[in-house]
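Everything below concerns the one structure shown next.
The values are calculated or read from the model by the stated rules, or taken from the named source; none is laboratory data. This structure is a prediction, so every number in the text was calculated from the model and none was measured. Because the Cβ atoms are built from the backbone with ideal geometry, glycine has one as well, and the counts that use them run over all protein chains shown.
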Amino acid sequence: YVDHENLHKCDFAFTALKHSMKWDEEIYGLEYDLDLFMIVAVNDFNMGAMENKGLNIFNAKYVLASPETATDKDFENILGIVGHEYFHNWSGNRITLRDWFQLSLKEGLTVFRDQQFSSDHGSAAVKRILDVKRLRDHQFPEDDSPIAHPVRPESYIEINNFYTSTVYEKGAEIIRMIHTLLGKEIYFKAMTEYFKRFDGQAVTIEDMLKVIEEVSGRKLDQFKRWYQRPGTPLLHVDRVIGEKEQTLKFRQEFTKAKEHAHEALLIPFRIAFLGSDKKPLETSYSGKMAHEHLLEITELEQSFTFGDAPKDAIPSLLRGFSAPVKLKAATTFEQKIIALAAETDSFNKFEAAQDLAEQMIGKKELPKDYVDAFKALLSNAKTDAYFTALAIQPPTPDQLANKRESIDLEILYSDYLKYSSLIAESSYQELLDTYLSSANKDPKAMDGKAAANRELRNTILFLLSTTNRPEVLKLIKDHYRAAQTMTDSIAALQIVASSQDPEREGLLNEFYKKWHKDPLVIDKWFAAQAGSLHP
Ligand SMILES: [Zn+2]
């Protein structure tokens, strides 16, 4: 159900719903139970959406989309949220909560399910990076703040205040860790049993964990602490390098709920080693030769030794971000440069790019090794444009601020822009070439590859804009005028809104005149100006 004038903007949400139904049948073996499934889109709805049985209520911006009015990000969100609400039909409605303390039983599990769903409908590597970024941008600050709370709260005055990033996103990370520890096959066996046994009932997180224990044959007493412990754990890693082996010493540290700080968490930790010749290595651990190993860290201080690991081998730690912790490991600039080229885990490759950029922010000039490594990243643009776009984006001032003890916003912003202009000047030709060569043949194409190219081109456009070269401003305005999608026009408008260009006012007015009857587009027009770097 939508307002009459929005009827033509429903196609994508319909397709997303059909994909969701098919996916849940194929992957979890769960079918829809009614003859009719209804969605109503409401313009004035404060939340994202609500999974009322058979009749989902949606904020209009998560249903309505056409290429002319919605960005690729909007389409991504619609896919994820339509999926999320639909999946609640089982994880939330058919099996519901005994009481509100169990909120994460449905939300953590359903967020994990919608992450898997989106991952299967695009690039899994990119999806994992976006999910971790979201976790770090929203959940980590919450977990560090005075409103930190466990994934399952112990008490509440108003449950509406607990629809939080911790209950949702950290809750999903807990389910993901269960998936990692059990392996795919046993995880799905356990879930099948869970949905069968409790169908039609109102249950608790313990009920779910008990089924998982029964099916997998492993105890989850220690693992359960993830539901009880507020705060993001710190995981310190030290290396002891021997002749032919390396030992990693882990130490868990807790900044919240200090009264429980003597009780270690169970942390699944994926690890591999990279050769200094930039080739992946096989090492031996626990009688097994392999490139990647899965460790289970169960003690506050614990060591693991890897055989056949040469002195100069570089560890690739916490691959795929296998647990929601803050990793504290000493890695040198040279090791990061090698890792950036050699990484076999796409999340860690992204992480290496981010760490290096962060290290460069605040510098007056960039070392040649770094610029070369950055240019090498661009050479992947043809095969994975979206990943490249994410890897070349410097960490935002917000992300930098989250990691620092004291924050001077003026300095953060000017350092961020300074870095962007330095890297753009030193890779100017490579960036421009990549921009030109990744143009879509059909500028209106909406498939994943086309969206990835747009993400890359718009990222490059932003970096180039920080050089303040007049020819770049012309390029941006041409990009705006040639745009055939909202993604392209709003990206260019955002950059112009951040500039002192004499045409700035004119373009903003032109955009307003064209779209003033569409409230969702006008929200973007507001956002472009509110987010302007130069007020
Ligand atoms: Zn939900």
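The residue pairs whose first member lies in the stretch 306-322 and is on the phi > 0 side of the Ramachandran plot, whose second member is of a type in the set (Lys, Arg), and whose beta carbons are closer than 6 Å, counting only pairs six or more residues apart or on different chains, are Gly320/Arg270. Pairs linking a residue in the stretch 279-298 that is not assigned by TED's automatic domain parsing to the domain that holds Leu220 to a residue that is part of a strand (DSSP E or B) and among the hydroxyl-bearing types (Ser, Thr, Tyr), with Cβ atoms under 6 Å and 6 or more positions apart or on different chains, are His293/Tyr285.
One residue stands out among those in the stretch 4-59 that are of a type in the set (Gly, Ala, Ser) and more than 24 Å from the chain's Cα centre (by Cα): the one that is farthest from Asn77 (Cα to Cα), which is Gly29.
All of Arg98, Arg94 fail the test of being among the charged types (D, E, K, R), more than 18 Å from Val2 (Cα to Cα) and in contact with an Asp or Glu (Cβ under 6 Å, 6 or more places away or on another chain), apart from Arg94. When the stretch 413-446 is examined, which residues are found to be without any contact (Cβ under 8 Å) to a residue 60 or more places away in the chain, of a type in the set (D, E, K, R) and part of a loop (DSSP other than H, G, I, E, B)? Those that are without any contact (Cβ under 8 Å) to a residue 60 or more places away in the chain, of a type in the set (D, E, K, R) and part of a loop (DSSP other than H, G, I, E, B): Lys441, Asp442. Residues of the stretch 7-46 that are touching a residue at least 60 places away in the same chain (Cβ under 8 Å), within 16 Å of the ligand (Cβ to nearest atom) and within 24 Å of Thr69 (Cβ to Cβ): Ala16, Leu17, Ser20. Filter the stretch 185-206 for residues that are among the aliphatic types (A, V, I, L, M) and touching a residue at least 60 places away in the same chain (Cβ under 8 Å); which is nearest to Arg113 (Cα to Cα)? Per the stated criteria, the residue is Met191. Considered as a group, the residues in the stretch 224-283 that are among the basic types (Lys, Arg) and not in a strand (DSSP E or B) include one that is surrounded by the most Cβ atoms within 10 Å (Cβ to Cβ), and that residue is Arg229.
Select from the stretch 40-59 the residues that are of a type in the set (A, V, I, L, M) and in contact with a helix residue (DSSP H, G or I) (Cβ under 7 Å, 6 or more places away or on another chain) and list them in ascending order. Once the filter is applied, which keeps residues that are of a type in the set (A, V, I, L, M) and in contact with a helix residue (DSSP H, G or I) (Cβ under 7 Å, 6 or more places away or on another chain), the stretch 40-59 yields Ala41, Val42, Ala49. Could you say whether any residue in the stretch 188-199 is more than 26 Å from the chain's Cα centre (by Cα), more than 16 Å from the ligand (Cβ to nearest atom) and either in a strand (DSSP E or B) or outside the structural domain of Ser216 (by TED's automatic domain parsing) (or both)? Scanning the stretch 188-199, I find no residue that is more than 26 Å from the chain's Cα centre (by Cα), more than 16 Å from the ligand (Cβ to nearest atom) and either in a strand (DSSP E or B) or outside the structural domain of Ser216 (by TED's automatic domain parsing) (or both), so the answer is no.
If you go through the stretch 341-381 and pick out every residue that is under 19 Å from Leu400 (Cβ atoms) and either under 24 Å from the mean Cα position of the chain (by Cα) or not in a helix (DSSP H, G or I) (or both), you end up with 17. In the stretch 498-519, the residues that are farther than 16 Å from Gly531 by Cβ reach residues that are surrounded by 14 or more Cβ atoms within 10 Å (Cβ to Cβ) with C-beta atoms within less than 7 angstrom, at least six apart or across chains, in these pairs: Asp501/Leu473; Glu503/Lys477; Tyr512/Trp525; Trp515/Val521; Trp515/Ile522; Trp515/Trp525; His516/Ile522; Asp518/Thr69. When Met38, Met21 are checked against the criterion of being surrounded by fewer than 19 Cβ atoms within 10 Å (Cβ to Cβ) and in contact with a strand residue (DSSP E or B) (Cβ under 9 Å, 6 or more places away or on another chain), a single residue qualifies: Met38. Taking the conditions exactly as written (of a type in the set (Gly, Ala, Ser) and away from the ligand (no atom under 12 Å from the Cβ)), does Ser66 satisfy them or not? Taking the combined requirement at face value, the residue satisfies it. Of Thr96, Thr110, all but one fail to be more than 13 Å from Leu17 (Cα to Cα) and within 22 Å of the chain's Cα centre (by Cα); the exception is Thr110.
Results for (1) polar (S, T, N, Q); (2) farther than 20 Å from Tyr163 by Cα; (3) within 12 Å of the ligand (Cβ to nearest atom); (4) not assigned by TED's automatic domain parsing to the domain that holds Met177, shown as yes or no for each residue.
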{"position": "His88", "(1), (2), (3), (4)": "no, no, yes, yes"}
{"position": "Ser91", "(1), (2), (3), (4)": "yes, no, yes, yes"}
{"position": "Phe101", "(1), (2), (3), (4)": "no, no, no, no"}
{"position": "Leu105", "(1), (2), (3), (4)": "no, no, yes, no"}
{"position": "Leu109", "(1), (2), (3), (4)": "no, no, yes, no"}
{"position": "Phe112", "(1), (2), (3), (4)": "no, no, yes, no"}
{"position": "Phe117", "(1), (2), (3), (4)": "no, yes, no, no"}
{"position": "His121", "(1), (2), (3), (4)": "no, yes, no, no"}
{"position": "Ala124", "(1), (2), (3), (4)": "no, yes, no, no"}
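Is it fair to say Ile423 is among the aliphatic types (A, V, I, L, M) and over 21 Å from Glu505 (Cα atoms)? So Ile423 fits the description; yes. In summary, Gly80 fulfils each of the numbered conditions (1) modelled with pLDDT of 95 or more; (2) more than 12 Å from the ligand (Cβ to nearest atom); (3) assigned to a helix (DSSP H, G or I); (4) not assigned by TED's automatic domain parsing to the domain that holds Ile159 with the single exception of condition (2).
Checked across the stretch 453-473, the condition of being in contact with a Leu (Cβ under 8 Å, 6 or more places away or on another chain), surrounded by fewer than 18 Cβ atoms within 10 Å (Cβ to Cβ) and over 25 Å from Ala70 (Cα atoms) holds for no residue.
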